[in-house]
DNA sequence: TTGTATTTACGAAAGGCTTCGTATATGTTT
DNA sequence: AAACATATACGAAGCCTTTCGTAAATACAA
């Protein structure tokens, strides 16, 4: 599984959110957050294409790029790596850190609680 | 807050675990996990010293290095960054990902549930 | 004291990421 | 057709990280 850099993640996020886009569209989105030249965005996307992170159609004058990796898979693989390097493999340590640090909304907390319940049940079932 | 690289994190982990150490000691620990030259470890630690990630005493022939940043603070700052880049700031999404993916032990799950209860109470108190 | 081992310091190479300038191709407008 | 706008391709610079070789200092042993 390929590990996207931070810049590449920015681009992937736009594609995941908006669907297939041209370089111009991506560049416009990125420009909202920070200063970045058009050819810089272009180059990034060309490299991502070589890496297999993006696909593209070259029919039109402007190429249309599509994310070749899913948000789910990418996040999973990044989380794996992060847990390993930063928490020495202890996922629960990470969870505790996050919950202790960030304010989650009531809805989010409920979601998490429900998820925990499900895990509980599954664990019990297995026995 | 400085962001340690993955290699630097490895070194910090050893120092957090074992306390102040010489280059030799660090190198021995790192060698357990992967091939790495002695001078490579030395150079890394010298750079970390310049960055302010480590302090050192030069009294003895062998310098003794100490972590200049705490594990807690470092993890907090790394988590912040990670949530931002990978989950666009949604901490709960990260938690859901981790819980859905990694098997946590019963004790860990209980810990997390307790933490959630505390958060619940605090949230209620505030109202 | 001479040689051996260990340590630090330093420089430099290799590779990756980000950035942009320039060249070239391709449409569009007048 | 000529001028203009826009797109892609490409190369290269600048920076950072990792890696290691080599030199110089320091301690110890024969």
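FYI, it's all coordinate maths here, none of it is from the lab. Quantities reported herein were computed from a predicted structural model and do not represent experimental measurements. So basically every Cβ, Gly included, is an ideal-geometry build from the backbone, and we count neighbours across all protein chains shown.
In nm², what is the average projected area of the convex hull enclosing the Cα atoms of the stretch A:1-89? It would help to have the intermediate numbers written out before the result.
Details: hull surface 24.5 nm².
Averaged projected hull area, Cα only: 6.1 nm².
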*Normalising by the residue count of chain A, find the relative contact order in percent from Cα pairs under 8 Å and 6+ residues apart.*
21
_So if I take the centroid of the Cα atoms in the stretch A:7-40 and the same for the stretch B:1-30, what is the distance between those two points in Å?_
37
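When Cβ neighbours within 10 Å are restricted to other protein chains, what is their mean count per residue of peptide B:4-13? Let's see the in-between values first.
Values: counts 2, 1, 4, 1, 0, 3, 2, 0, 0, 4.
The mean count of partner-chain Cβ atoms within 10 Å per residue comes to 2.
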*Once you sort the root eigenvalues of the Cα gyration tensor of the protein assembly as shown as a ≥ b ≥ c, which label holds: rounded (a/c under 1.5), prolate (a/b larger than b/c) or oblate (the other case)?*
oblate
_Helix axis angle, B:23-33 relative to chain B longest principal axis, alpha carbon, degrees_ = 50
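Please compute, for peptide A:66-79, the average count of beta-carbon atoms on other protein chains lying within 10 Å of each residue's beta-carbon.
On the way: counts 0, 0, 0, 0, 0, 2, 1, 0, 1, 6, 4, 0, 6, 8.
The shielding value for this peptide is 2.
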*Ranked packing of B:88-95, A:38-45, most packed first, by mean Cβ within 10 Å*: B:88-95, A:38-45
*For the stretch B:38-127, max minus min Cα coordinate along each principal axis, in Å, sorted largest first?*
57, 28, 28
*asked:* Give the average, rounded to an integer, of partner chain Cβ atoms located within 10 angstrom of each Cβ in A:82-95.
replied: 6
